[in-house]
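The values are calculated or read from the model by the stated rules, or taken from the named source; none is laboratory data. Just so we're clear, the structure is a prediction, and the values are computed from it rather than from any experiment. Cβ atoms come from the backbone with ideal geometry, glycine included; neighbour counts cover every protein chain shown. Quick note on the areas: whole protein, heavy atoms, side chains included, nothing else; ligands and nucleic acids left out. Shrake-Rupley method; radii C 1.70, N 1.55, O 1.52, S 1.80 Å.
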Amino acid sequence: MRTLTYYVATTLDGFIAGSDGADPTGTIFTVGPDYVEHVVTHYPETLPGPAREAMGVTSLGNRFDTVLEGRRSYQLGLDAGMTNAYPHLRHIVFSRRLGQSPDPTVELVADDPAETVRRLKATEGRGIWLVGGAELAGALYEEIDELILKVNPVAIGTGIPLFAGKAGTAGGAPRRFALTENRILPSGVAILTYARQTS
Ligand SMILES: NC(=O)c1ccc[n+]([C@@H]2O[C@H](COP(=O)([O-])OP(=O)(O)OC[C@H]3O[C@@H](n4cnc5c(N)ncnc54)[C@H](OP(=O)(O)O)[C@@H]3O)[C@@H](O)[C@H]2O)c1
């Protein structure tokens, strides 16, 4: 069965962005050559289209064929003039208020994200990448099978956490994960892969 992976950059103190909701790439999360090499080698499909083009990356990797994005994360691309940052993947954006997709290659979904993911999991295909942000991750909390945390050696004290909304406030039972892979880059970024334990 297809799995849902939250593959996301985080600070040491568990934030995926600053409180202003701006794109943290290149500011909070510095992008060094070792990090770029890691992504190109292991997760080339997670690079935005313009970056793939600039670097001459054509590989679609072997992990994901679908990407899920919350509207506020998607909006950052729109504001930068990109209506589809991932044209090489099936790109689904969740929004209750956008109404119409700004790009015919981006699917807009207003329905329950968890229900949508359960439907996707029941179909054939590669893995499903949850890019974020926190609110969408909160809505999909119970559907996440794998976490790939790109832990950057930086703390910001406050900001947008890994999970917000329902999951952020639920105070429910702990969900256990098993470490399945770890890689420490020379720049100090730790790439930690965890699989959800089901028993
Ligand atoms: N560190 C990383 O790797 C990483 C990755 C991705 C994003 N980010 C950062 O995360 C921040 C954005 O995160 P965020 O938590 O503010 O927002 P978000 O999760 O990206 O988007 C929230 C929006 O998604 C839609 N949505 C959420 N739950 C929904 C549901 N149950 N049904 C339908 N639509 C739903 C709503 O859109 P409408 O308001 O249109 O209805 C909601 O306003 C940005 O700063 C971005 O840079 C960081």
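Using a simple charge model, +1 on the beta-carbon of Lys and Arg, -1 on the beta-carbon of Asp and Glu, nothing else, what dipole does segment 11-164 show about its Cα centre, in debye to the nearest 20? The dipole magnitude comes to about 160 debye.
How much length, in nm to one decimal, is gained on full extension between A155 and S19, taken as 0.36 nm per residue of separation minus their Cα-Cα distance?
47.7 nm
Between the residues T46, V93, T105, the greatest Cα displacement towards the positive end of the dipole of segment 36-137, with unit charges on the Cβ of Lys, Arg, Asp and Glu, is found for V93. Backbone amide hydrogens, once placed in the peptide plane, bring H91 within less than 5 Å of V67, E107, excluding anything fewer than 5 places away on its chain.
Taking the helices alone, the chain has a mean residue ellipticity at 222 nm of -6000 deg cm²/dmol, built from -39,500 (n - 2.57) per DSSP H run of at least 4 residues and averaged over all its residues.
Take each of the peptides 93-99, 159-165, 126-132, average the number of other beta-carbon atoms within 10 Å over its residues, and list them starting from the highest. Spell out each step's value before the answer.
Working: 93-99: 15.0, 159-165: 20.1, 126-132: 22.3.
Descending mean neighbour count gives 126-132, 159-165, 93-99.
Estimated at 0.36 nm per residue, the fully extended path between E37 and Q75 surpasses their Cα-Cα distance by 11.0 nm. Only Cα pairs under 8 Å and 6+ residues apart enter the sum, and on that basis the relative contact order of the chain stands at 31 percent. For segment 172-182, backbone phi angles converted through the Karplus equation (6.51, -1.76, 1.60; θ = phi - 60°) give residue-by-residue couplings of x, 5, x, 9, 9, 10, 10, 5, 10, 7, 8 Hz, Gly and Pro being listed as x. Stokes-Einstein diffusion for the chain, with the hydrodynamic radius set to the Kirkwood value over Cα pairs and evaluated at 37 °C in a medium of 0.692 mPa s, equals 190 µm²/s. Take the Cβ atoms of S59 and T105, set R0 to 25 Å, and the FRET efficiency comes out at 0.80. Rounded to the nearest 0.05, the FRET efficiency derived from the C-beta distance between T30 and R176 at R0 = 35 Å is 0.65. For segment 64-154, the Stokes-Einstein estimate of translational diffusion at 25 °C and a viscosity of 0.890 mPa s comes to 179 µm²/s, using the Kirkwood hydrodynamic radius over alpha-carbon pairs.
Compute the signed sum of charges (Lys and Arg +1, Asp and Glu -1) over the other residues within less than 13 Å, Cβ to Cβ, of D34. Counting the neighbours of D34, the net charge comes to +1. Heavy atoms of the protein chains alone define the surface here; on that basis segment 42-145 has 49 Å² accessible area per residue at 1.4 Å probe size.
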